[in-house]
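The values are calculated or read from the model by the stated rules, or taken from the named source; none is laboratory data. These figures come from a predicted structure and were not determined experimentally. Here Cβ is always computed from backbone atoms with ideal geometry, including for glycine, and neighbour counts include all displayed protein chains.
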Ligand code: ARG
């Protein structure tokens, strides 16, 4: 049941000549203060059309409004203030949650439209950066949210495993590489070699030519080059998988840029056929109307990031027949994606309208970008380990007798990092602070997890026997109920705006409402209403756990 929709249904019965149901839903407000009612319907926008004062319209509406959920209506300053029958509404909502369990809030109106989500996509032979962490957690959550909204998500890790930089790395490895050291610590050593290469190339530009030469060899399948490339790729994947394992994230495909190497010719062919490929300075480009030209082939005949993205788009449409394709990539690549989508449009592919770039802001440390350049790296694996370590210390202090400490510390540590990222609207830059993330109070992952664990403990202690959805109509339980009721709407908004922070904010709100209830009510008191209170607690555990799941965060029963 959706209360807003129910109310809109009756309002539309009265106002159908003037407003659509959707308009009514968007007009319905929640009054700032509860004594003004549970919902308010403003009549100002109708005044002109009806040539009556808002107050008069509100009075008419109020006189005709009847639904079983409404206890009373009051007309105040052009608003129809609506007071709901708390006990009827509560029991409807609780029944629904307890019946649907984790499927509560699921929108199944869609018929499994396939949604491709391209996310994480780190570059091999480089450490996993903070930017890639952001893409990883945002993308993973969006995939879960899409599924909850009835889509069929396909998670693709478009590894950066192709490009001139690997030619350069090969040159550096051959010139200065120490095999032993690289085997010991591949990512760190390869990064060092890459940094050395750039330093040396400043004085010796011919190194760049050598790099290009080796990349060309790689594109031409030269055995030695391919061998080295494979080695770099495998070692990198081992490192990346450690991070994915810690975060509990998996992919449907690791087809990275290299995968499209043999699919590029066809793209070039198609572009030629459409007469879109224009020579420019020895290179080949596609001219675009609203953006700078998209470079397809370089002077030396090697291809580019953009070319591979075009090939990937074609391949994905043919393979998966996607309805939507999302690219979760930092906002510095805005132009790149605009160019890709425009080229596809020029090629005449209508399906490109289902593609979208989902940009996000930077992770800052002390107000500055956390960068991997010049060897200044923050190793993500280390960050996660530290978060887990700190979480373990917290648990030791708070609950030394917990038997599953290690596992819970992992869930809380990683949950803290993920939540800190997802609670901000994705386009904002965020400041990285382990200390802030791990607090048990305030708007943190551990706070929500702790609230969930507290509710679970009440259920254990209180021994819930039978569901009893009849509810006391007191203010703080009503507040919990209303928050529970708004979960499906949050789920939908998170999808419409591709914004996991909707869900993060939602679980914070529910935690706050529940903790207020907990503080004002003796939940376990032995009286006639104990089972009703426990039923409410049970509903809260279901929705908190499901909300956390949509963010990619576990909800331990105890912590
Ligand atoms: N590897 C790229 C980077 O780190 C991100 C790839 C994003 N996906 C794509 N299809 N272009 O910048």
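Some points to look at:
- Filtering region 308-343 to residues that are touching a strand residue (DSSP E or B) at 6+ places or on another chain (Cβ under 6 Å) and within 11 Å of the ligand (Cβ to nearest atom) leaves 316, 325, 326, 327, 328, 337.
- Among (1) surrounded by 21 or more Cβ atoms within 10 Å (Cβ to Cβ); (2) more than 24 Å from the chain's Cα centre (by Cα); (3) within 27 Å of residue 142 (Cβ to Cβ), the one test that residue 263 misses: (1)
- Being more than 16 Å from the ligand (Cβ to nearest atom) and farther than 29 Å from residue 315 by Cα is a description that applies to residue 201.
- For region 427-455, the set of residues classified as without any contact (Cβ under 8 Å) to a residue 60 or more places away in the chain and in a loop (DSSP other than H, G, I, E, B) consists of 433, 438, 439, 440, 441, 442, 444, listed by residue number.
- Top-ranked residue of region 160-176 - restricted to ones that are touching a residue at least 60 places away in the same chain (Cβ under 8 Å) and buried (at least 23 other Cβ atoms within 10 Å of the Cβ), ranked as farthest from the ligand (Cβ to nearest atom): 169
- The residues listed here are 124, 93, 70, 57; of these, the one that is within 16 Å of the ligand (Cβ to nearest atom) and buried (at least 19 other Cβ atoms within 10 Å of the Cβ) is 124.
- Cβ-Cβ distances below 9 Å connect the following pairs, each with a first residue in region 8-24 that is farther than 13 Å from residue 46 by Cα, a second residue that is loosely packed, with under 14 Cβ neighbours inside 10 Å and at pLDDT below 90, and a separation of six or more residues or different chains: 10/66; 21/5.
- With respect to the conditions (1) surrounded by 18 or more Cβ atoms within 10 Å (Cβ to Cβ); (2) within 25 Å of the chain's Cα centre (by Cα); (3) farther than 25 Å from residue 164 by Cα, residue 347 falls short on a single one, namely (2).
- Residue in region 459-468 that is at positive phi and either in contact with a strand residue (DSSP E or B) (Cβ under 6 Å, 6 or more places away or on another chain) or at pLDDT below 90 (or both) present: yes
- Of the strands (runs of 3 or more DSSP E) lying entirely inside region 39-120, those containing at least 1 residues that are modelled with pLDDT under 95 are 39-42, 70-76, 79-84.
To keep it simple, each residue is scored yes or no on (1) farther than 26 Å from residue 416 by Cβ; (2) part of a helix (DSSP H, G or I).
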residue: 457; (1), (2): no, yes
residue: 482; (1), (2): yes, yes
residue: 506; (1), (2): no, yes
residue: 525; (1), (2): yes, no
residue: 542; (1), (2): no, yes
residue: 559; (1), (2): no, no
